Amino acid sequence: MPTPTPPNTAAKASGCASGRCGSSASQIDELDASVAQRVQDHPCYSEEAHKYFARMHVAVAPACNIQCNYCNRKYDCSNESRPGVVSEVLTAAQAVKKTLAVAAAIPQMSVLGIAGPGDALANPERTFATFAELSQRAPDLKLCLSTNGLMLPQYVDQIAAYHVDHVTITINCIDPDIGAQIYPWIFWKHRRITGREAAEVLIAQQQQGLEMLVARGILVKVNSVMIPGINDQHLKEVSRIVRAKGAFLHNVMPLISDPAHGTHFGLIGQRGPTPQELKTLQDECAGDMNMMRHCQQCRADAVGMLGEDRGAEFTLEKVEAMQIDEHAAMGRRLALRAAIHAELAEKRAARHAASAQVIELPRPAATLGRPVRMAVASSTGAVIDTHFGHAKHFHIFEVSAEEIRALGTCAAAQYCGGEADCGEADNTLARTLTALSDCEVMLCARIGIEPWGKLEAAGIRPDGAHAMEPVASALREAWKTMLDNGQLSVAPASQRRA
Amino acid sequence: MALEIVAGCVNCWACVALCPHQAILEAQPHFLIDSDRCTECIDAHATPQCAAICPIEGVIIDELGTPLNPLGSLSPAARDG
Ligand code: SF4
Ligand code: SF4
Ligand code: SF4
């Protein structure tokens, strides 16, 4: 359990010891494929990626519309921040300026979140004004927000309109009798409502919001605060339900309860879980769901690499004085990100090498179209992970409507394999082309512009569109594309040339 | 006819955006209500909006000095049973 920060000492590092934070590599491999794709290089959710990327939260959302018994509203939202922290509230314009300044100085910056200091959706004007401006001026940044869920259904359309990447909802219960012990009141339809009625509304809104976000394809993470004796047993049920509804991650956090923080739970002596209790519950929920052991709660205005707080470099005054070339800054971010993604992709491919490739038999649906021989640049034959020029061998397949037949591998002359002298390049490339002469398609992760031209001239179409995809599905798609383009009713290009 | 914010307000901003008359001002040591603007919401809502969302007991009072959220009214214990 993180040690609570005393009030007003805002400059402590919000570190997560890497390795404990986020998800382990193998967990991500088990996630549903489309979600995995979006999470695998995510600076917040991938243990691998978070070492490379940075994210920040801007404190534009001060107001809150509910009361949690573990929160003292003097301080930042307890769902998002360690207790006792007070953030300097920014206007939307200030938040935009700060974000652009940070993103110019730290090209790893890739996620901008709004998580408080109150509730992002209790401050809709400020939150969405920030998103609107940033989606214009830094469209490469992923946007995220965190909410208690009360106003979620009302704002799902706007969240989708700004392409918000992921939403975190704090859901502590689905039973209003339990909710009444956690939330004394909510502000709803211009009134304060209390007790069980309040919990009923909040729970209904959270669940509806979760469903609506999932229906729109927005990643949803659910956080829960474990409160021993109140919702600890119940959270297993919560985990099951939110998983069933499509949340990609359920993260159980411990109640942090200290009388010094002046929260209701702190004052009445409600204890937090022991590390063992927390771990036991997390394990039980994990059996139910891909649950990533997450890091300590991050400060709502944290800046910099996860685990490295650089807030002091970007105070309002300093930011105001900065001159920023936004366009150049975005260029640097995109270039860096491409390099990082390539590196991560390589690492992933190495992991995939361990699992043997099974080539499935495609459905014998289409009957038209002749078989096509395709070469694949892949280190293992499982995933298209190799640069054309770095391939030591190519896997050769014959793809038809009925099947994908592996014809073995073909050794490549490495055209740029690190020989000190690259004068040989032309010769080696020519040798490779000869070896591949009966293939019509070359699937590879990447390929240089020059060999691209030479392959095309030799009647082999280079295709880098399936980088990092499983070989079998990429082959099938490449074949399907040729079929759709009407290329499969005629003889192969090589025979035409002959 | 106006409400007043007094010492004890924690400057949480919850009331500010809800006020139909933009009567609530960010200020130190605590937020303030502009008495010329505040109508106690009688023209707009069934209940004064600032008081309906304020999380702190006793910090919003009427002209007689009566708190709209009296002591104990917001604490969970007050509603047990
Ligand atoms: S949602 Fe956050 S800010 Fe609002 S009461 Fe709960 S913990 Fe506090
Ligand atoms: S009572 Fe109504 S008008 Fe007066 S300050 Fe509060 S919200 Fe504004
Ligand atoms: S809601 Fe209450 S505590 Fe918060 S700023 Fe307004 S008067 Fe102060």
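The values are calculated or read from the model by the stated rules, or taken from the named source; none is laboratory data. Predicted model, so just to flag it, every value in this text is computed and none were measured. Reconstructed Cβ throughout: ideal geometry from the backbone, glycine too, with neighbour counts over all protein chains shown. Ligands, DNA and RNA are stripped out before the accessible areas are found, and what is left, the full protein with its side chains, is counted by its heavy atoms. Shrake-Rupley method; radii C 1.70, N 1.55, O 1.52, S 1.80 Å.
Values as computed for the structure displayed
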item	result
Set of lysines with alpha-carbon distance to residue A:245 below 28 Å, sequence-local pairs under 8 removed	A:142, A:189, A:221, A:236, A:279
Interface size A-B, as summed buried accessible area [1.4 Å probe, Å², nearest 100]	1500
Exercise: per-residue mean of other protein chain Cβ atoms within 10 Å, B:8-14	6
Inter-site label distance for residue A:208 and residue A:351 at 7 Å from Cα along Cβ, in nm	3.9
Cysteines (scope chain B) whose Cβ has no counterpart Cys Cβ under 4.7 Å	B:9, B:12, B:19, B:38, B:41, B:54
Under 5 Å, built H, 5+ apart or other chain: amide partners of residue A:253	A:224, A:225, A:226
Rounded to whole Hz, the Karplus (6.51, -1.76, 1.60) HN-Hα couplings of segment A:382-392, x for glycine and proline	9, 9, 7, 10, 10, 5, 3, x, 9, 5, 8
Listing of segment B:54-76 residues, each with accessible area lower by at least 30 Å² in the full protein assembly than in the chain alone (probe 1.4 Å)	B:55, B:74, B:76
Partner chain coverage, peptide A:59-70 - average Cβ within 10 angstrom	3
Relative packing of peptides A:93-102, A:399-408, A:430-439 - highest average C-beta neighbours within 10 Å first	A:93-102, A:430-439, A:399-408
Given 12 as the ceiling on other Cβ atoms within 10 Å, longest exposed-site-free region of chain B for GluC sites (Glu not before Pro) in DSSP loops	B:27-62
Candidates per trypsin sites (Lys or Arg not before Pro) in segment A:137-207, loop by DSSP, up to 12 other Cβ within 10 Å	A:189
Solvent-accessible area per residue, Å², over chain B with all protein chains present [probe radius 1.4 Å]	52
